[in-house]
Structures are given as structure tokens and as C-alpha cells.
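Step one of this worksheet: look at the structure below.
The values are calculated or read from the model by the stated rules, or taken from the named source; none is laboratory data. In this text, all values refer to a predicted model and were calculated from it rather than measured experimentally. A quick note on method: Cβ atoms are made from the backbone with ideal geometry, for glycine too, and the neighbour counts reach across all protein chains shown.
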């Protein structure tokens with residue numbers, strides 16, 4: 001999910017709840033609050049709780065609410081996780097520590113073990129940070145921890161996703177965040193997706209997943225070819241703001257982003273609109 005901010009850069013709770021309701025209505029089976037597309041790295045602990053509480057109140061148990069945690073210390077991660085749990089989160093999506101000096105494999109395993117024991121919620125390992133990528137052997141070790149429910153494999157690397165799916169088959173849920181390659185990700189066996197493009201155009205992404213599940217690869221390829229230009233238009237600087245521009249063009253309310261993220265230029269918005277038109281998601285002006 002995006003996090004809508006108002007003109008004072010405060011979370012717009014009503015708009016956030018409106019997005020939650022929309023995403024459930026189009027078939028999303030879980031919601032991630034305060035992830036990277038949701039600008040969660042800039043949340044205060046109080047904002048983590050407020051955002052999670054707002055979405056959990058809106059969803060009323062219809063889908064799991066996953067709270068993003070993007071910390072750099074075990075202490076911070078545990079604190080954020082406990083706050084999210086008290087606010088109604090069903091699970092956590094946790095990045096590894098990543099500021100300049102990522103920990104080694106043993107310390108990474110201990111990091112997730114400690115969070116799981118202290119917070120008591122299922123954890124999705126968010127493997128996204130380019131300079132702190134967790135290798136596949138370490139990910140497999142993490143999947144043996146009792147509170148680790150799965151991995152969200154990101155970073156644009158479908159080769160690593162394929163390797164992980166092969167090594168971890170049957171251990172836990174493996175989710176893709178390779179936005180422009182959701183189709184091959186699902187064919188390889190990814191259990192679902194948590195991704196920026198899904199936030200921007202969920203109807204197509206849900207339809208793609210459903211087509212693969214029923215074995216209709218003709219339809220799946222057609223949907224994939226509609227999605228690729230959308231991702232090409234969204235991918236670039238200020239990604240969350242670009243996603244919010246896509247929402248606005250489709251009549252949804254994503255609000256503004258927090259500085260220093262700027263509003264997309266007119267040229268960027270036109271490019272996004274053209275991609276949405278090609279994907280038959282908005283009417284040609």
C-alpha cells in the first residue's frame with residue numbers, strides 16, 4: 001500500500017483506509033502497511049502504530065495486515081514490531097539491517113530469531129536492499145526459524161528468486177517483488193506478490209495471478225504485456241510518488257509524498273498516463 005500524506009505531510013488516515021477497502025475489493029488477499037512503496041522507512045514509531053491501527057480497523061480481519069519494519073538495529077526492530085502487534089498487525093515484513101555495514105550470515109539469523117521471539121508475530125523477510133542482500137543459503141536457514149513465515153524476494157533479480165524457490169520448496173511462502181516479471185515469477189512457483197506495481201494496478205496483477213493458477217497462459221501473457229509498459233513508466237526516481245500519480249490518474253486517492261520526494265513532473269505524469277491508457281486502465285483523453 002501507499003501511505004497518503006496530506007499537505008502537512010501527516011498521514012491521511014481516511015485516505016489510507018479508503019485504499020485498504022479498494023484493494024480488498026479488487027481481490028488482494030493481504031495488505032502491507034509501511035513498506036518501501038508505503039514510505040515506511042520515514043515512519044516514527046507512533047506513525048507505525050497509527051497506520052497499522054487504521055488499516056486493521058478498516059479490514060476487520062478480512063485479510064491479514066502486514067506491518068513494514070525497516071530498521072537498522074535489533075532493538076529498533078523489536079520496538080517497532082511490538083508496537084505494530086499492539087496496533088493489530090497480523091505479521092511483520094522486516095528488512096535486514098542495511099546502513100553501510102550489513103551483518104554477516106550468523107548475525108542476520110540471530111537478528112530475525114530475536115525479533116520473532118520478542119514480538120511473537122510471523123515474519124516475512126524482505127530481501128530488497130542491494131548492498132545488504134541476504135544470500136540464498138542464509139535465507140534457507142531463516143526459513144527454519146519458527147516465526148519466519150516466508151521471504152519477499154525483491155531487487156529485480158529473478159535468477160535469485162528462481163534459486164530460492166528451488167532451495168526452499170515447501171518450507172514457507174516465497175513472494176515475488178520483481179515487478180516487471182510477475183508472470184515468470186508465478187510460473188516458477190512464487191506463492192504471490194507484494195510489489196509496487198501491484199499497488200498501482202492491482203486489478204491486472206490479480207488477474208495475472210489467477211490466470212497462471214488456472215493454467216491460462218495465453219491470457220497471462222497478454223496481461224504481462226499490458227503490465228510491462230506500466231512498470232517502465234513507474235520505475236525511476238521517486239517511485240512512491242510515481243505510484244501515487246498512477247493512483248490519481250485512475251481516480252484513487254494516494255495523497256502526496258513526504259519530502260524530499262517531489263511531485264512527478266508533467267512529463268512523467270504524461271508518460272504514466274500513456275502507459276495506463278495502453279494497459280486499458282484509463283480512458284484515452
If you go through the range 137-171 one residue at a time, how many are touching a residue at least 12 places away in the same chain (Cβ under 8 Å) and farther than 27 Å from residue 24 by Cβ?
23
Among 55, 65, 94, which is the only one that is more than 25 Å from residue 247 (Cβ to Cβ), free of Cβ contacts under 8 Å to residues at least 60 places away in the same chain and in contact with a helix residue (DSSP H, G or I) (Cβ under 9 Å, 6 or more places away or on another chain)?
94
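Those residues that are surrounded by fewer than 21 Cβ atoms within 10 Å (Cβ to Cβ) and either assigned to a strand (DSSP E or B) or in contact (Cβ under 8 Å) with a residue 12 or more places away in the chain (or both), I need them from the range 17-27; list them, please.
Step one: filter the range 17-27 for residues surrounded by fewer than 21 Cβ atoms within 10 Å (Cβ to Cβ), giving 17-18, 21-22, 24-27.
Within the range 17-27, 17, 18, 21, 22, 24, 26, 27 meet the criteria.
Looking at the range 80-92, can you tell me whether even one residue there is assigned to a strand (DSSP E or B), in contact with a strand residue (DSSP E or B) (Cβ under 6 Å, 6 or more places away or on another chain) and buried (at least 24 other Cβ atoms within 10 Å of the Cβ)? Outline the logic, then answer.
Start the filter on the range 80-92 by keeping residues that are assigned to a strand (DSSP E or B), which leaves 91-92.
Adding the requirement that they be in contact with a strand residue (DSSP E or B) (Cβ under 6 Å, 6 or more places away or on another chain) leaves 91-92.
Narrowing the set further to residues that are buried (at least 24 other Cβ atoms within 10 Å of the Cβ) leaves 92.
Within the range 80-92, one or more residues are assigned to a strand (DSSP E or B), in contact with a strand residue (DSSP E or B) (Cβ under 6 Å, 6 or more places away or on another chain) and buried (at least 24 other Cβ atoms within 10 Å of the Cβ).
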Matching residues in the range 253-285 - criterion: being within 22 Å of residue 43 (Cα to Cα) and loosely packed, with under 11 Cβ neighbours inside 10 Å
259, 260
Residue 224 free of Cβ contacts under 8 Å to residues at least 60 places away in the same chain and either out of contact with any helix residue (DSSP H, G or I) (no Cβ under 7 Å at 6 or more places or on another chain) or surrounded by 13 or more Cβ atoms within 10 Å (Cβ to Cβ) (or both):
yes
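Give me a count of the residues in the range 45-72 that are outside any helix (DSSP H, G or I) and modelled with pLDDT of 95 or more.
Just the residues of the range 45-72 that are outside any helix (DSSP H, G or I), to begin with: 60-72.
Adding the requirement that they be modelled with pLDDT of 95 or more leaves 60-69.
The number of residues fulfilling the criteria is 10.
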Out of all the residues in the range 239-252, is one or more exposed (fewer than 13 other Cβ atoms within 10 Å of the Cβ), at pLDDT 95 or above and closer than 27 Å to residue 18 by Cβ?
yes
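Just give me the residues in the range 251-285 being part of a loop (DSSP other than H, G, I, E, B), touching a residue at least 40 places away in the same chain (Cβ under 8 Å) and touching a helix residue (DSSP H, G or I) at 6+ places or on another chain (Cβ under 9 Å), in sequence order. I'd like the intermediate steps shown before the answer.
Step one: of the range 251-285, the residues part of a loop (DSSP other than H, G, I, E, B) are 251-255, 257-265, 279-285.
With the extra rule that they be touching a residue at least 40 places away in the same chain (Cβ under 8 Å), the set shrinks to 252-255, 257-259, 261, 279-281.
Matches in the range 251-285: 252, 253, 254, 255, 257, 258, 261, 279, 280, 281.
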Residue count, the range 94-117, condition in a helix (DSSP H, G or I) and surrounded by fewer than 17 Cβ atoms within 10 Å (Cβ to Cβ), comes to 6
Name the residues in the range 172-215 that are over 15 Å from the mean Cα position of the chain (by Cα), crowded, with 20+ Cβ neighbours inside 10 Å and touching a residue at least 60 places away in the same chain (Cβ under 8 Å), would you?
204
